[in-house]
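**Q** I have a structure I would like to understand better, so I am pasting it below and will then ask my questions one at a time.
All of the numbers you see were taken from the coordinates with simple rules; none came from a lab. The structure displayed is predicted, hence computed values, not measured ones. Note that we place each Cβ from the backbone using ideal geometry, even for glycine, and neighbour counts take in every protein chain shown.
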Amino acid sequence: MKTKTIKNVKIIKMATPEEISKVVSELFVNKIKAKKDAAFILATGSSPVGVYNNLIKDHQKNKTDWSKVTTFNLDEYVGLEPTHKQSYRKFMNEELFDKLNINKANTHVPNGLGNPEENAKTYEESIVKRENFDLCLLGVGINGHIAFNEPGTEFDGQTSVVPLTESTIQVNYEKYFDNIDEVPKTAISMGIGTILKNSQEIVMIAFGSSKQEAINKLIAGKETKDWPITALLKHNNVSIYTDCEI
Ligand code: GLP
């Protein structure tokens, strides 16, 4: 293990995604132990899957009680039914919620159907009303995006409908979709400002060499809209767990 601190961001390098998933899942379990009605901001993508598997195993083995926990997810594609196989609502149900005793009414994923602009506004209002999230889990895109806040996004932005870059569309097509035309071009994303203001603690996970450049930009310690990951330098309680070089 090696650590580095840049402003208030602690970067922890561990050898494998498995070790990282273990440590990060323990952070969540400890939050629930300390506060039954903890509130979390959660991410999708491949990075959190190991964490979610561990949380399910912990729930089965140690009976950690999720019945009072509230969750808000970071983002959702515009135009996909919640039952679509690539919708983030379906991902969260299958990878986590269905296997815990969480009250589904307390799990929130933006609604990408109907009037997305209106839905984004309502989502932002619900987050602000809940405020003080105990822990926010983030992944990072290869271009440094957080949630679906692509390069160029303002660091004080709120939840909104956002365009996806060609690179993100390409990455998500290669990883998840059968046909590039099926990949939505827009999404509802929690704003960077929303995340920074409403999270008491942020934990980011970044696995693999494709995330090295984003980690390097963070280590450089300079806030730049070209790399949304550097917005984390504005927060006072961030840990980044990675297997990249630091
Ligand atoms: C997607 C999600 C992000 C996620 C990122 C990285 O675009 N909207 O929230 O952090 O991709 O995904 P992965 O963990 O699969 O690399």
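**Q** What's the percent breakdown of Cα-Cα distances in segment 125-246 across 5 Å bins, shortest bin first?
**A** Going out from 0 Å in 5 Å bins, segment 125-246 shows 2, 11, 21, 24, 20, 14, 7, 2, 0 percent.
**Q** Cα centroid distance between segment 64-79 and segment 214-229, in Å?
**A** Between the Cα centre of segment 64-79 and that of segment 214-229, the gap is 27 Å.
**Q** Under the 0.36 nm per residue contour assumption, what length would be gained going from the current alpha-carbon distance of Q60 and S210 to full extension?
**A** Taking Q60 through S210 to full extension adds about 50.6 nm, to one decimal.
**Q** Okay, next question. What do you get for Rg/Rh of segment 38-137 when both radii come from the Cα atoms and Rh is the Kirkwood radius?
**A** 0.96
**Q** Given H placed 1.01 Å from N in the peptide plane, which residues other than close sequence neighbours of T44 have an amide H under 5 Å from its amide H?
**A** The answer is L74.
**Q** Which percent, to the nearest 5, of DSSP beta bridges fully inside the chain are antiparallel?
**A** 35
**Q** While we're on this one: Enumerate the calculated ³J(HN,Hα) couplings along segment 233-246 in order (Karplus 6.51 cos²θ - 1.76 cosθ + 1.60, θ = phi - 60°), each rounded to whole Hz, writing x wherever the residue is Gly or Pro.
**A** Those phi angles translate into 5, 7, 9, 9, 8, 10, 10, 10, 9, 8, 9, 6, 5, 10 Hz.
**Q** Here's a follow-up. Under 8 Å for C-alpha pairs, at least 6 residues apart: give me the relative contact order for segment 85-239, rounded to a whole percent.
**A** Dividing the mean separation by the residue count of segment 85-239 yields 28 percent.
**Q** Which three extents, in whole angstrom, do the alpha-carbon atoms of the chain cover along their principal axes, largest first?
**A** Here the Cα extents, ordered largest to smallest, are 46, 43, 35 Å.
**Q** For segment 1-70, place one equal point scatterer on every Cα, skip the solvent, and apply the Debye formula. What is log10 of I(q)/I(0) at q = 0.24, 0.27 Å⁻¹?
**A** For segment 1-70, the Cα-only Debye profile gives -1.15, -1.25.
**Q** Given H placed 1.01 Å from N in the peptide plane, which residues other than close sequence neighbours of A147 have an amide H under 5 Å from its amide H?
**A** Amide H neighbours of A147: G139.
**Q** Per-residue HN-Hα couplings for segment 8-13, Karplus 6.51 cos²θ - 1.76 cosθ + 1.60 at θ = phi - 60°, whole Hz, x for Gly and Pro?
**A** With coefficients 6.51, -1.76 and 1.60, one gets 9, 9, 9, 10, 10, 9 Hz.
**Q** Mind running the shape call on segment 150-219? Use the C-alpha gyration tensor, a ≥ b ≥ c as the square roots of the eigenvalues: rounded below 1.5 for a/c, prolate if a/b tops b/c, oblate otherwise.
**A** Cα axes put segment 150-219 in the oblate bin.
**Q** Still on this structure: Select from D65, D75, D134 the residue whose mean-square fluctuation is largest in a Gaussian network model of the chain (Cα-Cα springs shorter than 10 Å).
**A** Among D65, D75, D134, the largest mean-square fluctuation in the Gaussian network model of the chain belongs to D65.
**Q** Once you have the Cα-Cα distance between A34 and K129, take 0.36 nm times their residue separation minus that, and quote the gain in nm to one decimal.
**A** So the chain would gain 32.0 nm between A34 and K129.
**Q** Over 21 Å between C-alpha atoms is what I'm after, so list which of K36/K57; K57/K85; K185/K222; K33/K99 land there.
**A** As for pairs spanning more than 21 Å Cα to Cα, those are K57/K85; K185/K222.
**Q** Quick one: order R130, R89 by neighbouring beta-carbon count within 10 Å, fewest to most.
**A** Ranked by crowding around the Cβ, least crowded first: R130, R89.
**Q** With unit charges on the beta carbons (Lys and Arg positive, Asp and Glu negative) and the dipole taken about the Cα centre of segment 155-246, which residue among P184, Q200, N216 sits farthest to the positive side?
**A** It is Q200.
**Q** Kindly state, as a whole number, the per residue volume in cubic angstrom of the convex hull around the alpha carbon atoms of segment 105-148.
**A** Spread over its residues, the Cα hull of segment 105-148 gives 109 Å³ apiece.
**Q** Whole-Hz ³J(HN,Hα) for each residue in segment 106-113, computed from phi via Karplus 6.51 cos²θ - 1.76 cosθ + 1.60 with θ = phi - 60°, x for glycine and proline: what do you get?
**A** These are the phi-based 3J(HN,Hα) values: 9, 9, 10, 10, x, 9, x, 9 Hz.
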